[in-house]
1. Given springs between every Cα pair under 10 Å in a Gaussian network model of the chain, which of 276, 80, 96 has the largest fluctuation?
2. So which residue, out of 283, 161, 225, gets the largest mean-square fluctuation from a GNM of the chain using Cα contacts under 10 Å as springs?
3. Calculate, for residue 167 and residue 392, the FRET efficiency according to 1/(1 + (r/R0)^6) with r their C-beta to C-beta distance and R0 51 Å; round to the nearest 0.05.
4. With a point put 7 Å past each Cα toward its Cβ, work out how far residue 373 is from residue 23 in nm, to one decimal.
5. Let me have the 222 nm mean residue ellipticity of the chain computed from DSSP H runs of 4+ only, each contributing -39500 (n - 2.57), with the sum over all residues rounded to the nearest 500.
6. Please check: in the Gaussian network model of the chain (C-alpha springs, under 10 Å), which one of 12, 54, 316 has the largest mean-square fluctuation.
7. Quick one: length gained pulling residue 103 to residue 177 fully straight, 0.36 nm per residue minus the C-alpha distance?
8. Over region 183-250, what is the percentage of antiparallel beta bridges among all DSSP beta bridges, to the nearest 5?
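Each reported figure results from applying straightforward, stated rules to the coordinates on display, with no laboratory input. Only a predicted model underlies this, so the values are computations on that prediction, with no experimental measurement involved. Virtual Cβ from ideal backbone geometry, glycine too; neighbours counted across all protein chains shown.
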Ligand SMILES: [Zn+2]
C-alpha cells in the first residue's frame, strides 16, 4: 500500500477541518487534498506490506457549523446541543474497489468504515454532560473543567454528543445498560424509548445475535433525520421524544436494528445502502410482529407499502447506490420496497430456512463487511435453491 486515505468529513458537513503535523513513523509527511478537502491522502515512503504496521499521527482542528442544514445536521452545535459525528480524520475503507472515497449524497449516510478501537480523552467545561461511544473509563474534575476518557471497540465510528441540558434516564436489559440523555421535560418520551429499545434488544438478540456491547446510549439532538445510528449510540431528533409521538417506537426499533445491520455486520453504506437500511426496515417489522403479533405489525407494514406506493410501486431495483436515487425513490425503494423484499424472500425460502439464514449471515459477517453477493450466497446455501430470479426481480438492475 503506497498511501493511506483519510476522510475529513468536517469539510463537507458545513464546517471546516484543518490537519497539521502529519507524521509517519516519526517523519513529517506532506499530504494531498482532494474532494473539496474531504479526502486527505498520506503518501508512504516505504509501501506498507500485508500484516505490516506503521504509526501515523496528526493534529487536527474542527470548526463546527451552528446550523443543522447539511446531511441532517449530524455535525453541529445548535440549540445547546453539540453533535460530533465523524469529527476526526477517518481512515477510508480499502476493499476490492480500492480506496472508497466520494462526496456523499445529502440523502444517505456519509460513512463506510471498518472496525477500530478508540481511546478518546475529552476535556470540556464542567457544566456540560458528555456522552461518548464505548465506555467511560475515567472522569476527573478540576476547577471548572472536566476530563473524561472513553474506550470503545470494536466499533466503526466514534460519536460524541454534549449539552448542558442533558438529564439521564436509565434501564437495564439482559446485562445491557440503556441510557437516554435528553432534556428534563422529555422524561416520559425518553423512558418509553428505553422500553422499546429493551424489547428490540431482546427480539434482535433472539433472531440475529446477542447485542455485542454492555451499553447503548441515546441522545436527543436537533438532527433533521428522525434518528441516526452510531455504534453503541443512537441520536434521536428531539421533537419525536415529545409526548405521544407516533414516530418514536418505529424510529427507536429501527435505529436499534442498525446495531446489527451497519455496525456488527458492516456494508458499503453509499454503494449498497439496502444491506443496512432495507434489512433494518425488515428487522423493525420483525420487532413489531414479535412484540404485538401479526396484527400488531400491520401498521409498520403499511408504512413500508406506503413509501413504495408514494412512487407508484415502480419496480426500481433495491440494490442501487444512494446517488442513483432521487430523494423520493431513496425512501420509496430502499426504505419501502427493500423491507418488503425480505418478506418475499422469506416466503420463497420458507420461514425456517429464512430464520437460520439470517442468523448465519450475521454470524459469518460479524465485525466484517458484507456484500449483496455474500447475502445471496448465504440464503442459497441455506435453502439449497436458486434465488437468482427473486434477486433479479427485486434487487439487481
Ligand atoms: Zn436507518
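1. 96
2. Comparing 283, 161, 225 in a Gaussian network model of the chain, the most mobile one is 225.
3. Working: r = 51 Å, r/R0 = 1.01.
Efficiency for this residue pair is about 0.50.
4. Output for this residue pair reads 4.1 nm.
5. It lands at -9500 deg cm²/dmol.
6. Of the options given, 54 has the highest mean-square fluctuation.
7. On the way: separation 74, 0.36 × 74 = 26.64 nm, distance 3.60 nm.
Result for the pair: 23.0 nm of gain on full extension.
8. Working: 4 of 9 bridges.
So the antiparallel bridges in region 183-250 amount to around 45 percent.
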